[in-house]
Amino acid sequence: MSSARVLNGPVEVGLRALVLLLESSPHSLDLQQLVTLDYFLVHSGDIDGGPESLHPPSPLRSGEVAVRRALIEEGLSLYKFRGLVQQSLVETGFAYSAESGAGAFLDALRSGYVERLRVRAEWVIASFALLEAGELHQTLEASLSRWRTEFVDLLPESEVV
C-alpha cells in the first residue's frame, strides 16, 4: 500500500463508515448520508457543540467532500467483501448497514483512535442521522461556510482574493 493512501485510504475510511453504520443500526444509510456524516465525524470540532475533531484541521478540508464519495465507496466495498457491511437496493439507490459481526469486529480493535472514532460516531448519529437530505446538506454547507470565513480571517490581507 502506498504511503499516500494510508491516511484516508480504504481501510480507514471504511472503518469510519462501519462505525457510523453500526451506530445507526437498525437504520441503514445511503451513500450521500455517509459522505456527509463522515465529514462531520472527522471535523466534529467545526460544528457548534461538537467534540474535538478526530483529525487536525486542514485548510483543504472543504475540498474533501468532493473526493469523499469515491473513498467511502471503496472502503464500503472492502468491508462488504469481509462480511461486515451489507448493501441493499432501495427505491433511491443503495443503502448500507452493518452486518451482525461488525460489533464484535469493532470491539476487538483496541486503540485510542477507534475509541475517539466511536465517541464521535455516537454524537454524529444522534445529532444528524435523522435529518432529511435537504437539512443535512444545509448543515454541511453552513459548516463549510463558517470554516471558510474563519480561514479567510486568518490570512494576511495581501492573500485574500
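The values are calculated or read from the model by the stated rules, or taken from the named source; none is laboratory data. None of these values were measured; they are calculated from a predicted model. Cβ atoms come from the backbone with ideal geometry, glycine included; neighbour counts cover every protein chain shown. Accessible surface is based on the protein model in full, side chains and every heavy atom, while ligands, DNA and RNA are left aside. Shrake-Rupley method; radii C 1.70, N 1.55, O 1.52, S 1.80 Å.
Looking at Tyr79, is it in a helix (DSSP H, G or I), at pLDDT below 95 and not charged (D, E, K, R)? In short, no. The residues of the stretch 14-23 that are out of contact with any Asp or Glu (no Cβ under 9 Å at 6 or more places or on another chain) and open to solvent by 10 Å² or more (accessible area, probe 1.4 Å), listed by number, are Leu15, Leu22. If you go through the stretch 95-109 one residue at a time, how many are assigned to a loop (DSSP other than H, G, I, E, B) and open to solvent by less than 40 Å² (accessible area, probe 1.4 Å)? Here the count works out to 1. For the stretch 69-88, the candidate set comprises residues that are more than 19 Å from Val35 (Cβ to Cβ) and free of Cβ contacts under 8 Å to residues at least 12 places away in the same chain; within that set, the residue that is surrounded by the most Cβ atoms within 10 Å (Cβ to Cβ) is Arg82.
Only one residue in Thr36, Thr92, Thr139 is surrounded by 14 or more Cβ atoms within 10 Å (Cβ to Cβ), among the hydroxyl-bearing types (Ser, Thr, Tyr) and modelled with pLDDT under 85. Which one?
Working: Thr36 fails: modelled with pLDDT under 85; Thr92 fails: surrounded by 14 or more Cβ atoms within 10 Å (Cβ to Cβ).
Exactly one residue qualifies, and that residue is Thr139.
Can you find a residue that is of a type in the set (S, T, N, Q), surrounded by 14 or more Cβ atoms within 10 Å (Cβ to Cβ), under 18 Å from Ala121 (Cα atoms) and at pLDDT below 85 anywhere in the stretch 1-13? There is at least one residue in the stretch 1-13 that is of a type in the set (S, T, N, Q), surrounded by 14 or more Cβ atoms within 10 Å (Cβ to Cβ), under 18 Å from Ala121 (Cα atoms) and at pLDDT below 85.
Residues that are assigned to a loop (DSSP other than H, G, I, E, B), aliphatic (A, V, I, L, M), within 16 Å of Val119 (Cβ to Cβ) and out of contact with any Phe, Trp or Tyr (no Cβ under 7 Å at 6 or more places or on another chain): does the stretch 41-51 have at least one? Quick ask: steps written out before the conclusion?
Applying the first criterion (assigned to a loop (DSSP other than H, G, I, E, B)) to the stretch 41-51 yields 43, 47-51.
Checking which are aliphatic (A, V, I, L, M) leaves us with 47.
Within this subset, residues satisfying the condition of being within 16 Å of Val119 (Cβ to Cβ) are 47.
Imposing the further condition that a residue be out of contact with any Phe, Trp or Tyr (no Cβ under 7 Å at 6 or more places or on another chain) reduces the set to none.
No - not one qualifying residue is present in the stretch 41-51.
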